[in-house]
Amino acid sequence: DGVSETKFNETLAKCNKGFSDLETNMQNLEKSTGVKNDEEIKDLFGKFKTAYEAFIPKLKPQIEIYSSLRGFSTKYGDIYYSYDDEIEFTDAEVDAMTASMTASSNAVLKEYGPKFNTALKEYIKAYNAKEAAYDQYWDDEITSTEYYEIRDAYYDADDALDELYDDFSTDLEEVLDLDLDDEKED
């Protein structure tokens, strides 16, 4: 990420202006005498307009997708790459991360905003439980009779975290597929 909020918003504004300018230019080109009066140019413009009308509706929603994912993506790394003893994200911070997705007009983002909210809260709890179990597992004070129970608790916590992460990653991949790169390239 690494892009400031100001720079990000400026870039989105430029993209919106670019779409507006593109639409104006298309309308002006269609009204031009060359397109109106020359059958060959008119035919070529018709083909171009068909391709344009197929492509722009797929490209334009990317602005909302990027905007809606911004709050999530800027903070997600702080959770995922947390190597501290615990992740110190409150439920309110997670709510703020997913709010723009939940409020999005994009159906996939709207569906996944609440899913990510719940998944992140569960992930944070599972991560913190694993870290607590890890600390206990490596505690010099445990006795040999406690060792196996504590070790098993750590492995169970680690497995639970891995399972949550795998489920979350599957959902995350589906949301990131909203980018439609292959379809846009075609």
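The values are calculated or read from the model by the stated rules, or taken from the named source; none is laboratory data. Since this is a predicted model, take the numbers as computed values, not measurements. Note that we place each Cβ from the backbone using ideal geometry, even for glycine, and neighbour counts take in every protein chain shown. When the accessible area is computed, the model is the full protein with side chains, heavy atoms only, and any ligands, DNA or RNA have been set aside. Shrake-Rupley method; radii C 1.70, N 1.55, O 1.52, S 1.80 Å.
Here are the numbers for this structure:
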| item | result |
| --- | --- |
| Gain on full stretching of the segment that runs from Gln27 to Glu141 - 0.36 nm per residue minus C-alpha separation | 33.3 nm |
| Electrostatic dipole magnitude of the chain [Cβ: Lys, Arg +1; Asp, Glu -1; Cα centre; debye, to 20] | 1940 |
| Convex hull per residue volume in Å³, alpha carbons only, for the range 66-117 | 66 |
| Inter-centroid distance (Cα atoms) of the range 79-157 relative to the range 1-65, Å | 43 |
| Calculated on alpha-carbon atoms, Rg and Dmax of the chain in Å | 24.9, 93 |
| Acute angle (nearest 10 degrees) that the helix 39-59 long axis makes with the longest principal axis of the chain, alpha-carbon atoms | 20 |
| For the range 41-133, convex hull of alpha carbons as volume per residue, Å³ | 99 |
| Burial ranking of peptide ranges 88-97, 138-147 (average Cβ count within 10 Å, highest at the top) | 88-97, 138-147 |
| Mean Cα-pair separation over length for the chain, i.e. relative contact order, pairs under 8 Å, 6 or more apart, % | 18 |
| For the chain, accessible area per residue (1.4 Å probe, heavy atoms of protein chains only), Å² | 66 |
| Modelled FRET efficiency - R0 45 Å, Asn37 with Gln62, Cβ distances, 0.05 increments | 0.80 |
